[in-house]
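The values are calculated or read from the model by the stated rules, or taken from the named source; none is laboratory data. Computed from a predicted structure; not experimentally measured. Counting neighbours? That spans all protein chains shown, and the Cβs are built from the backbone with ideal geometry, glycine included.
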Amino acid sequence: MRRRSPLAGLALGLFLLLPACGTSRLTATPPPEGLIDVAVSIVPQKYFVERIGGDSVNVSVMVGPGFNPATYEPKPSQIQQLSVTQMYVRIGVPFEAAWMDRIAAANEHMLIVDQSEGVERMGGTDPHIWLSPQLAKIQAQTICDGLVEIDPDNEGFYHANLGSLLSDVDELDVSIKDTLAGLESRKLMVFHPAWSYFARDYDLEMIPVQIEGSDPSPAEMAGLIRMAKESNIKVIFAQPEFSTSSAETIADEIGGEVLLISPLAPDWLDNLQRVADTFSEVLAREQ
């Protein structure tokens with residue numbers, strides 16, 4: 001976590017020139033009076049900040065619904081809005097590698113919180129850490145610490161909200177374990193390898209179609225089709241943020257179907273339970 005004085009400079013009303021028009025200017029909109037203005041990289045992070053911050057936070061999302069966090073380029077207006085933002089919560093998605101320096105430079109007084117702090121990534125690089133309830137508890141604590149640093153007078157409020165969230169996460173964890181218990185088949189084929197942390201938590205095996213951002217070669221595609229047939233896999237899981245063409249090709253060859261699930265849904269808690277329910281239904285059919 002990078003320490004900054006988060007309240008200084010909040011009302012400076014800084015301007016940023018549009019790159020394509022030297023005479024046009026963008027202005028930042030201050031948050032509602034008394035609220036902490038927080039920016040996050042992806043939609044699920046908003047859930048955590050709002051659960052912990054309650055009615056004390058105003059949260060904006062850099063990569064909105066339907067956009068790909070691997071390739072997203074922030075709008076000039078989004079960068080400008082950071083001039084009145086008090087806290088930015090990063091998480092390690094790919095677009096941050098290209099943009100984090102510019103995000104930080106937009107407001108030298110902004111507190112930057114690394115949500116992945118204290119979390120060991122699978123393979124050292126997999127960014128989908130929010131899809132593990134156990135790791136989500138670590139991340140929630142980190143977000144709480146950031147809010148307390150900005151607003152120490154309300155530490156008790158944030159800690160109470162954190163406790164409520166952690167209790168819900170524990171209940172979710174138990175529910176997902178119950179949902180996925182007793183299934184003989186535990187192999188799932190997914191287009192994008194987003195669910196590795198979830199799979200590790202709940203003893204599932206994810207077979208990815210896409211490797212390191214690349215679609216499979218013809219030989220790899222043939223191998224995936226063979227593997228799906230041998231494992232009686234009839235469903236290929238894909239994401240709304242990616243093309244489904246490769247997944248549809250495999251589904252056609254195995255006489256199966258493509259189902260869409262998103263790791264970026266806004267209601268994090270509900271989404272993970274729904275995904276677990278879907279996985280359970282599919283695996284029960286494929287046994």
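Quick look at the values:
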quantity	calculated
Candidates Trp130, Trp99, filtered to the one that is in a helix (DSSP H, G or I), under 30 Å from Ser231 (Cβ atoms) and at pLDDT 95 or above	Trp130
Segments classed as strands (runs of 3 or more DSSP E), wholly inside the range 170-283, with at least 2 members that are surrounded by fewer than 18 Cβ atoms within 10 Å (Cβ to Cβ) and either free of Cβ contacts under 8 Å to residues at least 12 places away in the same chain or not assigned by TED's automatic domain parsing to the domain that holds Ser60 (or both)	205-208, 257-260
Any chance Gly146 is out of contact with any strand residue (DSSP E or B) (no Cβ under 6 Å at 6 or more places or on another chain), at pLDDT 95 or above and assigned to a helix (DSSP H, G or I)	no
Residues (farther than 23 Å from Glu212 by Cβ and among the acidic types (Asp, Glu)) located in the range 115-138	Glu117
Residue within the range 193-215 that is of a type in the set (S, T, N, Q) and modelled with pLDDT of 95 or more present	yes
Qualifying residue in the range 150-160 (condition: part of a helix (DSSP H, G or I), within 22 Å of the chain's Cα centre (by Cα), crowded, with 16+ Cβ neighbours inside 10 Å and touching a residue at least 40 places away in the same chain (Cβ under 8 Å))	yes
Residue among Val209, Val190 that is of a type in the set (Val, Ile, Thr) and in contact with an Asp or Glu (Cβ under 8 Å, 6 or more places away or on another chain)	Val209
Residues located in the range 48-87, provided they are part of a helix (DSSP H, G or I), touching a Leu at 6+ places or on another chain (Cβ under 7 Å) and not hydrophobic (A, V, I, L, M, F, W, C)	Arg51, Gly53, Ser56, Pro76, Ser77, Gln80, Ser83
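One line per residue, one yes/no per condition, for (1) farther than 29 Å from Ser167 by Cα; (2) in contact with a strand residue (DSSP E or B) (Cβ under 7 Å, 6 or more places away or on another chain); (3) not assigned by TED's automatic domain parsing to the domain that holds Val93:
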position: Glu33; (1), (2), (3): yes, no, no
position: Ala39; (1), (2), (3): no, yes, no
position: Lys46; (1), (2), (3): no, yes, no
position: Arg51; (1), (2), (3): no, no, no
position: Met62; (1), (2), (3): no, yes, no
position: Gly66; (1), (2), (3): yes, no, no
position: Tyr72; (1), (2), (3): yes, yes, no
